[in-house]
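Data block below; observations after.
Bear in mind these aren't lab numbers, they're just calculated from the coordinates by the rules spelled out. Since we're looking at a predicted model, the values are computed, not measured. Every residue, glycine as well, gets a Cβ built from its backbone with ideal geometry; the counts of neighbours run over all protein chains shown.
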Amino acid sequence: MVPQLKTLLETLLMPPTSLYLVVLAGLVLARYGGAKRRRMIGVCLAWAGGAAAVALSTPLVAHLLLASLQEADHIPPDAAVIDAEAIVVLSADVDCDPPEYGEDQPGALTVLRCRYGAALARRTGLPILLSGGVLRPDRRPVSHVMRDFVRDELGTPVRWVEEESTTTRGNAEFSARILAREGVQRVALVSHAWHLPRAQAAFEEAGMEILPAPTAPHAPPNGLLESLIPRGKSLRDSTWAVHEWGGRLWYWLGG
């Protein structure tokens, strides 16, 4: 699929855009639907879209959705030896041309993964592979941005850089090729706790043995009242969860 078309479809299908479209369709149908039954369906659609947007904006729903994806146990923080031959860190987002830096920087999600991967490498002495390709034609591969951050700011050497992938499955396929040439079979795979199960499945399909190394698990909200107050951050978290469940379904369907 053309990358631009894929991005457009994801935008339309994921919250909050999809919910806004449901509300808009409901309002149009309620106003111009003609028959009373169609207008009532429009009213129900509008209410359903609005209610879903509010629900996904609550910390409680966001946590339940993300927690349902978090399966792997963390590696003990004092473990100096782990059952792996290398560490693979998967890319996520990137900040393009931030004015205070002047060149692309790893985004918030990518920073968390890089920090944990670097910390794990320093503690265990294992080499690092960073995985992430070109997300836009006018940009460097994300793995190059990650390499500069890990090497120059975190003070951790990077052994390999995988720069061809644009999807989680691509991360697995291209990383496996690099590591196979180096005789590496079992790796500690670093990603967010809610993304790791799908990534692990992709790497195992590519022939790798995986030690899950989840980072940044989503924590439950504090108190009932706080968990029910809608927040923009919670809508973002819910969107990540919906995207991840959609990715699992897509891979299960063979996409």
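Helix 168-181 and the longest principal axis of the Cα set of the chain meet at an angle near 10°.
By the beta-carbon count within 10 Å of each Cβ, the least crowded to most crowded order of LEU112, LEU225, LEU8, fewest first, is LEU225, LEU8, LEU112. Each of MET208, MET40, MET146 was scored by other Cβ atoms within 10 Å of its Cβ. Listed from fewest to most, they are MET40, MET208, MET146. A straight chain from TRP245 to LEU24 at 0.36 nm per residue would run longer than the Cα-Cα distance by 77.1 nm. With 0.36 nm allotted per residue and the present C-alpha distance subtracted, the ALA108-ARG31 stretch has 23.5 nm of extension available.
The LEU225 and ARG139 beta-carbon pair, evaluated with R₀ = 45 Å, returns a calculated FRET efficiency of approximately 0.55. Charged side chains reduced to their Cβ positions (Lys and Arg at +1, Asp and Glu at -1) give the stretch 105-152 a dipole of some 100 debye around its Cα centre. Computed from the Cβ-Cβ distance with R0 of 41 Å, the FRET efficiency linking ASP152 to ALA51 stands at 0.30. One chain, two ends: THR167 and THR17. Fully extended at 0.36 nm per residue, the span grows by 51.8 nm beyond their Cα-Cα distance. Relative contact order of the stretch 1-122, taken over Cα pairs closer than 8 Å and 6 or more residues apart, is 14 percent.
Per-residue Cβ neighbour counts within 10 Å put SER227, SER57, SER191 in the sequence SER227, SER57, SER191, beginning with the fewest. A P(r) calculated from all alpha carbon pairs of the stretch 85-214, with 10 Å bins opening at zero, reads 14, 50, 31, 5, 0 percent.
Measuring spread by the Cα atoms of the chain yields a radius of gyration and Dmax of 20.7, 70 Å.
Across the stretch 86-215, the mean sequence separation of Cα contacts (distance under 8 Å, 6 or more residues apart), normalised by length, yields a relative contact order of 25 percent.
Look at the alpha carbon pairs under 8 Å that are at least 6 residues apart: their mean separation over the length of the chain gives a relative contact order of 25 percent.
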